[in-house]
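Here the structure is laid out as structure tokens; the discussion comes afterwards.
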Amino acid sequence: MPKPADKDPNGDFPAGIPKPALRALENAGYENLDQLAKVTKKDLAKLHGMGPKAIRILHEALSSKGKSFAGEDG
């Protein structure tokens, strides 16, 4: 098991997400990209620190895995 200091600061979230958005995800309890397929884009946008750039990057990352935010059609 990795030590906390060895933990990847982005988890499995894609590179390029601004730090405030990463903190928002962490504070909301999201630890990986797959969890975001269960949340709507609208609800994600409500998180303090989550901006349009981060949502776009997360959307693209989910799409590359054949997934999407909840309520979307892939």
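The values are calculated or read from the model by the stated rules, or taken from the named source; none is laboratory data. Being a predicted model, the structure only gives us computed values, none of them experimental. Glycine also receives a Cβ, built like all others from the backbone with ideal geometry; neighbour counts cover every protein chain displayed.
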(request) Please go through segment 31-46 and pick out each residue that is in a loop (DSSP other than H, G, I, E, B) and without any contact (Cβ under 8 Å) to a residue 24 or more places away in the chain. (result) 31, 32, 46
(message) Condition (residue is at pLDDT 95 or above, out of contact with any Pro (no Cβ under 9 Å at 6 or more places or on another chain) and outside any loop (DSSP other than H, G, I, E, B)) applied to segment 6-18: is it met by at least one residue?
(response) no
(request) For residue 47, work out the one condition from (1) closer than 12 Å to residue 14 by Cβ; (2) of a type in the set (A, V, I, L, M, F, W, C); (3) in contact with a helix residue (DSSP H, G or I) (Cβ under 8 Å, 6 or more places away or on another chain) it doesn't fulfil. (result) (1)
